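A.B. asks: Sharing a structure here in structure tokens format.
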Amino acid sequence: IKVVNSGYDFVAQKYKTKTGTAKFVGPQSEGRLKVTFFWPFYSGYNVVALDQNYQYALIAGDNLNLMWILSRTPTIPDDIKNNYLDIARQMGYNTSKLIWTLQ
């Protein structure tokens, strides 16, 4: 699976894009993958929550240092954002450390 990550690099003060690959860890019906952007090093990429229209997703990494809230649009409705933050906190994530990218 081709994976394209784009985001703002606060150190370099510019947007960057990285392309990688992902493989399913178990059955393809489960959202458990391993992703690499620097082969041969892989990291966990676990779909924890997904809205019914596949517009927003909560992704957890291998540990409590990596987590993403992804959106196909520049904004996330407050109810979805708050729900995903609640789920993340219940999992043990410190959501006060999240970096919110301005779109």
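The values are calculated or read from the model by the stated rules, or taken from the named source; none is laboratory data. A quick note: this is a predicted structure, and the numbers were derived from the prediction, not measured. FYI the Cβ positions are ideal-geometry reconstructions off the backbone, even for glycines, and counts take in every protein chain you see. SASA here: full protein model, heavy atoms, side chains in, ligands and nucleic acids out. Shrake-Rupley method; radii C 1.70, N 1.55, O 1.52, S 1.80 Å.
A.B. asks: Please find, among Y8, Y56, the residue that is within 18 Å of Q103 (Cβ to Cβ), touching a Phe, Trp or Tyr at 6+ places or on another chain (Cβ under 6 Å) and either open to solvent by 50 Å² or more (accessible area, probe 1.4 Å) or at pLDDT 95 or above (or both).
C.D. replies: Just one listed residue meets the conditions, Y8.
A.B. asks: Sticking with this structure for a sec: In segment 11-34, which residue that is under 19 Å from A88 (Cβ atoms) and assigned to a strand (DSSP E or B) is most open to solvent (accessible area, probe 1.4 Å)?
C.D. replies: So, considering only residues that are under 19 Å from A88 (Cβ atoms) and assigned to a strand (DSSP E or B), the one most open to solvent (accessible area, probe 1.4 Å) is R32.
A.B. asks: List the residue pairs whose Cβ atoms are under 6 Å apart, where the first residue sits in segment 86-103 and is open to solvent by 80 Å² or more (accessible area, probe 1.4 Å), the second is of a type outside the set (F, W, Y) and outside any helix (DSSP H, G or I), and the two are 6 or more positions apart or on different chains.
C.D. replies: So the pair list comes out as Q103/P74.
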